[in-house]
1. Sort out which residues of the stretch 9-53 are touching a strand residue (DSSP E or B) at 6+ places or on another chain (Cβ under 8 Å), open to solvent by 30 Å² or more (accessible area, probe 1.4 Å) and within 13 Å of T136 (Cα to Cα), and write them in order of number.
2. For the stretch 63-107, give me each residue that is among the polar types (S, T, N, Q) and outside any loop (DSSP other than H, G, I, E, B).
3. Please go through the stretch 28-53 and give me each residue that is part of a helix (DSSP H, G or I) and farther than 19 Å from D129 by Cα, ordered by number.
4. Could you tell me how many of the residues in the stretch 83-122 are touching a Pro at 6+ places or on another chain (Cβ under 9 Å), exposed (fewer than 13 other Cβ atoms within 10 Å of the Cβ) and small (G, A, S)?
5. Going residue by residue through the stretch 54-70, is there one that turns out to be among the basic types (K, R), within 14 Å of V116 (Cβ to Cβ) and free of Cβ contacts under 8 Å to residues at least 40 places away in the same chain?
Amino acid sequence: IVDQIMAGVPPHRREAVRRIVDRAEAIASAIADARPGDVILLEGPIGAGKSSLARAFIRARLGREEDVPSPTFTLVQVYDADGVEILHADLYRLTHPDEVFELGLDAAFDTAITLVEWPDRLGRHLPPDALRIRLTRSVAGAAVARLDTIESAARAISASPRATRSEVTTPRARR
């Protein structure tokens, strides 16, 4: 699937896109041990790699290549990974935080692994113990990811044998 995506990228942009996809796959592998009730918030501007990271996470969790469409228009895509439900939500088009109830996200926060793009749209419904991944670009144009979460979850992620210092920055505990 990545090869199909890369085929549609102009040759002069392929190296940059490949770096973003590789980075997303490395971060996704580091957090692939998430459990039901874990909420992963994906923040960043358009084009930062939120959907790429979500796709890589879902594929890593499924253990196979899978077509993982963006939920930009459907708002939520649902996957079953050996009995564990994974929800991938893109909230960019929400106009009010209470719309999360119509999507069933409030219940999913307790029972599924939930990936949320544009989590600022959750307003006061933002889960306090969610893992927050902020994707940005450095001045040089490289993809940069920062993970922030509560202290116990941060220790679990940084202790993962798949995580490296370049993939996981020092998390800060929320108070």
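The values are calculated or read from the model by the stated rules, or taken from the named source; none is laboratory data. On a predicted model such as this, the values are computed, not experimentally measured, just so you know. Here the Cβ is made from the backbone with ideal geometry for all residues, glycine too, and neighbour counts use every protein chain on show. With ligands, DNA and RNA removed, areas are computed over all heavy atoms of the protein, side chains included. Shrake-Rupley method; radii C 1.70, N 1.55, O 1.52, S 1.80 Å.
1. Scanning the stretch 9-53 gives R23, E43, P45.
2. Correct list: Q77 only.
3. S29, K50, S51, S52, L53
4. 0
5. No, the stretch 54-70 contains no residue that is among the basic types (K, R), within 14 Å of V116 (Cβ to Cβ) and free of Cβ contacts under 8 Å to residues at least 40 places away in the same chain.
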